[in-house]
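Report on one structure; see the data block that follows.
Every read-out reported here was derived from the displayed coordinates using simple, explicitly stated rules and does not represent laboratory data. Given the structure is predicted, the values throughout are model-derived calculations rather than measurements. Every residue, glycine among them, receives a Cβ derived from its backbone with ideal geometry; neighbour counts consider all protein chains shown.
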Number of protein chains: 4
Amino acid sequence: MTVSPFDHPLLSGLLGDEEAARHFSVEADIEAMLGFERALAEAEAECGIIPCDAGAAILKALATFRPDTAKLRAGVGRDGVVVPELVRQVRVAVGEPHGEFVHFGATSQDIIDTSLVLRLRQVIDHIGLLLGENVVRLTGLELEFGERQFMAMTRMQPAIPITVTNRTASWRAPLERHQQRLAEISGGLLALQFGGAAGTLEKLGDKAAAVRAALAAKLGLADAPQWHSQRDALAEFASWLSLVTGSLGKFGQDVALMALTGSDIKLSGGGGSSAMPHKQNPVKAEALVALARFNAVQLSGMHQALVHEQERSGAAWMLEWLILPQMVVATAAALRLAAELTAQIESVGH
Amino acid sequence: MTVSPFDHPLLSGLLGDEEAARHFSVEADIEAMLGFERALAEAEAECGIIPCDAGAAILKALATFRPDTAKLRAGVGRDGVVVPELVRQVRVAVGEPHGEFVHFGATSQDIIDTSLVLRLRQVIDHIGLLLGENVVRLTGLELEFGERQFMAMTRMQPAIPITVTNRTASWRAPLERHQQRLAEISGGLLALQFGGAAGTLEKLGDKAAAVRAALAAKLGLADAPQWHSQRDALAEFASWLSLVTGSLGKFGQDVALMALTGSDIKLSGGGGSSAMPHKQNPVKAEALVALARFNAVQLSGMHQALVHEQERSGAAWMLEWLILPQMVVATAAALRLAAELTAQIESVGH
Amino acid sequence: MTVSPFDHPLLSGLLGDEEAARHFSVEADIEAMLGFERALAEAEAECGIIPCDAGAAILKALATFRPDTAKLRAGVGRDGVVVPELVRQVRVAVGEPHGEFVHFGATSQDIIDTSLVLRLRQVIDHIGLLLGENVVRLTGLELEFGERQFMAMTRMQPAIPITVTNRTASWRAPLERHQQRLAEISGGLLALQFGGAAGTLEKLGDKAAAVRAALAAKLGLADAPQWHSQRDALAEFASWLSLVTGSLGKFGQDVALMALTGSDIKLSGGGGSSAMPHKQNPVKAEALVALARFNAVQLSGMHQALVHEQERSGAAWMLEWLILPQMVVATAAALRLAAELTAQIESVGH
Amino acid sequence: MTVSPFDHPLLSGLLGDEEAARHFSVEADIEAMLGFERALAEAEAECGIIPCDAGAAILKALATFRPDTAKLRAGVGRDGVVVPELVRQVRVAVGEPHGEFVHFGATSQDIIDTSLVLRLRQVIDHIGLLLGENVVRLTGLELEFGERQFMAMTRMQPAIPITVTNRTASWRAPLERHQQRLAEISGGLLALQFGGAAGTLEKLGDKAAAVRAALAAKLGLADAPQWHSQRDALAEFASWLSLVTGSLGKFGQDVALMALTGSDIKLSGGGGSSAMPHKQNPVKAEALVALARFNAVQLSGMHQALVHEQERSGAAWMLEWLILPQMVVATAAALRLAAELTAQIESVGH
């Protein structure tokens, strides 16, 4: 099945990003979830919540555990989340008498949300690199052509001459601000989710804080109170993603308009047509506009999901699953395309 | 890569629909595109636009043609559409001297849009069946429990007693209207797109109308003037999809609220929890709400894509690709889940 | 207060439409609501639900009733709807012993939803006329310039020459389809809402159907079962509004691009600049794009409101109030602007 | 005209906020625009760009200037912006020979965007106070009832008992984070826009930087390079607004659900019904959900407007006008309602 172009064997060649998408594969998700269970067992054994033998047995079993994915799929269909079935399989793998200590005091949302955050950490590294690359390439463009001129266009009409830098700065400066913003929001985003059944870690008694701190440290995440029904960090990150694609969409739109009106820009490459061999379509520029509008649409859904009722909303949570990974991949794809597009600019201005 | 839950090996067990998703696979798309080329060659040979020998050679080659998908993927990355590379491969397969007659007078958008419509025709059959099944099941529910009573809830407060039918009618009646609406909009949607480079079929001369009519007939689609930059039928269909999921979202929300407040409904099954074995979560009801909100979000993007500039907008077109297939699968999944949820209702009312 | 440009004394000169906005004034709303109460009293008196004397007294009082709007405003703040306070004032105006028969068997939603529908009926007439005017003007444009030519643009690149009609048809044909669609959906939209406290008209006993039919006839609306929690007709109408503005947005975008690239179009008028007296900005064309994107955004909210829980959702209902009137006025404004823009086209093509 | 509930004489009693709306009145906008022209004349006179006499004459004329709003409205209809006509009127008021120095070197967007920012500064103060008041009231709620208990609800099903604080923290903690976020983003938002015709301040020569710095200082805004086509700070602010209303929507949804299921919460007040005098509808809670969903919808449009082509996009700019003021007022209204709703909570938990 290939419903989304981000997953599509052909279309992802244009609209996707393999590195970003990789972090949303089943394999990556399960690996991160098992990493959570491993770290949890370690932390709980160290804090005396579960027996040391149990901790050791869980680690040993996890080292070679391979899930039965057909049963996991059926489990999702039944339970709405993969975790009950996954935990059941891990418990079987651990066996008696230690199996019952797997996932002790945790709940499905802990493992799923933390798995997401672990993978977002890697995604952020990837996106951050792509963002930096774009800043570098646009700076290079300015160094090479910045003092040339062309006609500014306001309200789609010729205005007065400006330098190339006057426009390229409007492509580059927002990206630099997005770098700064990413640094500011990452801390709040990359936080452990660990609350147990209803957020109180009630099974861990007075060791709850210690276990949570140890778990966060092992996973390399910030230690923070559970946020299972407070989704503002995710919505804020989604907003950031859409800011990035929006800025790149402006870049793409500008390039397409420059290509349309003629001599202000010279692009190498460009897409071929099945009907008109003479054409050089500004495909990457168009894709930037499409991805910007796509993320702007999706962002609405991530903010709808802020209305996350009570201690856990299945509906709002699933809405995030349907949207956030695609926004991430759209952003990575847009950054990749923008860097490629900048490299295609052979000259700009006169 | 499994960025979208609709493509996800595990999550699609809940949120996906295999039958609907199948029509958006690469295989289905290519099969439909090759079907277009086959019918085009036939129609053009019959109308004398291409030599009969060429037509026969194309049909023969297509009967065994297998595309090189790695090259198709690269082609999409380069051209923004798969068609130039696909046509190149088919021409190679046909060989000299007939290869040049492949895709004669057509352009990428003709084959891509028509492939979409051909697959939407099958999707509509599938969704129509699911819709009918839901009406039948809800009618059954009314027959069994309709005269029982429970307390109506207005503005989330108890109002006065109503019969079960008073509420189930609010689930069923919209679906019946959606059946009627689907019948009304299908005609406009299931129309051939065939215009050539810029919509004028300029290479077909005075036989353009005849070829187009023959092509439409062979493909079982309505014959209509090219609509390559008029996307209202697609946006209208997307609106219809969101009407369906919206109505099912109301059903899901109602069931979840009835399950929350206790004794008005009795559900079999229900999702298990990894932390609280006593729980029976109304997972399918929640999923209906999530899918309704998802499609309501996406719909905005399909309407943004109506601003399809000039004779062909790469940006607006790609935005459709990113959204419409997911809306279709979300709708099929919601219909499937709703039918299952209705079957889980063991009793309702008192 | 002038938060919305549609209400703004200055900005509505461009983005608003007085005739459409008039139907959303307080005065129009109250007049329609009082018209409902009047017709209800008549229908209930005729059917023997309320005493004839009471009916006469209500009609007499309504003939001169003027509400205390300060108290209505306070009532909305308290009750979330204007109706309890409005009914209280009308009952005082009717006085003893007949006051209690005002609003008999009805509820707030009956009067508010029906008032909306009564005003949408007038709006639809207005929009229908504007739509027709646009079709006429675009047809005139085709008659005058249709056989001229210019270069088609696909993917923002020159393609091959086409006639003017090839493009203007892509502006006109969707509008003609929208006329047809409006005819199809109006019937379902212009239906009385009348259900009483929870949709059962429980206070009217076996005369409920007769009263409802009489009420619908007096108001000139279709008689239909209550639809208080089934909002599909409204969401469908919103979709239609966005289809219209989307098609006009394509027209606006095309004109702006033609004006940008030079000689394909010649526009009279055009907006002046405070910095560059030489400029002629295609203001109306830009506004069409803005209004198209605005409605595409809003549409998402009208579909979110389909998740209208139980017998009456205050939250989903208020969301409609926040959105639908603006979509209507945006559509009327876009149609007005499009007609004006067409009139500004002095020539097109070569 | 009262198309938007935020402007509606009755509905704004519930859904509006007078103080926030006041900043979007024509009067406030014109006052801020004239403040820009005043400060510009002062700065340019001080820097020797315009004659001192001209500066003095402009200040004198502005002190008593009253615009002809009918002509301003016509100007917007013609030019798409109010500025050309406003500047014309001011020049007439200043008279010969100094009138030509009004608005010297500036363009419409400078004055309109800066007027917006000047008013957002006041809006932010207002919203910041409301936000603080909500944190205080929720903290008070915790102090009074925090150690009581009720049953946690996960996935709309009873889970395990939690304390009241466990839930109220999920209402309060996001608001505290939003306070921190507001502090972080305000700096970037409250920046002067001043670029002249195409962003280069070409008429000011080598004094451009000095004039801009002086102008910023006089207006109390940050001095920054022109951002006329870089709208990320506005989109980021819109995201923040939607984060706030989203968090309040969760609060409202929780309260409505608690009121639905009975004894966990006791509210004073509550809305009356025209049909059922016994009801106490949680109107403010519902309004919070509606406003959250409204802003989540609107946010999409503010991010669509990031695709702001070339040096000035009329279409993208107008889209902001249609959306941002409403998001601001929706947020202020939600904060006011949330504070009132907290005050209505007589007890929570057991």
Count of Lys pairs (Cα-Cα under 28 Å; at least 8 positions apart or interchain) in chain B: 11
Estimated 222 nm signal from helices in the protein assembly as shown, with DSSP H stretches of n ≥ 4 weighted -39500 (n - 2.57), rounded to 500: -22000 deg cm²/dmol
Amide H contacts under 5 Å for A:S25, placed H, 5+ residues apart: B:T2
Cα gyration tensor, segment B:27-124 - rounded (a/c under 1.5), prolate or oblate: oblate
Distance between segment A:36-65 and segment A:216-242 - C-alpha centres, whole angstrom: 25
Neighbour net charge for A:G246 - beta-carbon separation under 11 angstrom, K R +1, D E -1: +1
Amide H contacts under 5 Å for D:I160, placed H, 5+ residues apart: D:A152
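Tally Lys/Arg at +1 and Asp/Glu at -1 over every other residue whose Cβ is under 14 Å from the Cβ of B:E100; what's the total?
Within the 14 Å Cβ shell, the charges total -1.
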Label 7 Å beyond Cα on the Cβ vector: A:A209 copy-to-copy distances, nm: 5.2, 7.0, 8.4
Packing-based ranking, highest mean first, of B:132-141, A:115-124 given that Cβ atoms within 10 Å are counted: A:115-124, B:132-141
Exercise: per-residue mean of other protein chain Cβ atoms within 10 Å, D:22-30: 3
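Looking at the square roots a ≥ b ≥ c of the eigenvalues of the Cα gyration tensor of segment D:242-287, which shape do they give, rounded for a/c under 1.5, prolate if a/b is larger than b/c, or oblate?
Verdict is oblate for segment D:242-287.
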Global form of segment D:143-222, assessed from the alpha-carbon gyration tensor, a/c cut-off 1.5: prolate
Test item: Cα-centred dipole of segment A:160-308, Lys/Arg +1 and Asp/Glu -1 on Cβ, debye: 300
Amide H contacts of D:T107 (H built 1.01 Å from N, under 5 Å, at least 5 apart or other chain): D:G195, D:G196
Other copies of C:R66: label-to-label distances in nm, shortest first, labels 7 Å along the beta-carbon direction: 2.7, 8.6, 8.6
Globularity index of segment C:96-249, i.e. its alpha-carbon radius of gyration over 2.2 N^0.38 Å: 1.53
Kirkwood Rh and Cα Rg combined as Rg over Rh, evaluated for segment D:12-348: 1.09
Alpha-carbon centroid distance for the pair segment A:147-168 / segment B:114-143, whole angstrom: 54
Cβ-based charge dipole, chain A, positive-most Cα from A:F104, A:P277, A:L14: A:P277
Relative contact order of segment C:12-348, pairs being alpha-carbon contacts under 8 Å that are 6 or more residues apart, as %: 20
Nearest-20 debye value, the protein assembly as shown charge dipole, Cβ charges on Lys, Arg, Asp, Glu: 0
When the protein assembly as shown is reduced to its Cα atoms, the Kirkwood hydrodynamic radius in Å: 32.5
Inter-chain Cβ neighbour average for residues C:183-195, partner chain, 10 Å: 1
Extreme residue, positive dipole direction of segment C:170-305, given options C:G205, C:S242, C:L215 (C-beta unit charges): C:S242
Calculated label separations, B:E18, copies of the chain, 7 Å along the beta-carbon direction, nm: 2.9, 6.4, 6.4
Dipole in debye (nearest 20) - segment D:12-348, about Cα centre, beta carbon charges: Lys, Arg +1; Asp, Glu -1: 840
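Just to be sure I understand the rule: take each whole DSSP H helix in chain D, project its Cα atoms onto its long axis, keep it if the span is 18 Å or more and its mean Kyte-Doolittle hydropathy is at least -1.0. Which ones pass?
Membrane-span-like by this rule: D:26-46, D:52-64, D:108-145, D:164-189, D:232-261, D:283-304, D:314-344.
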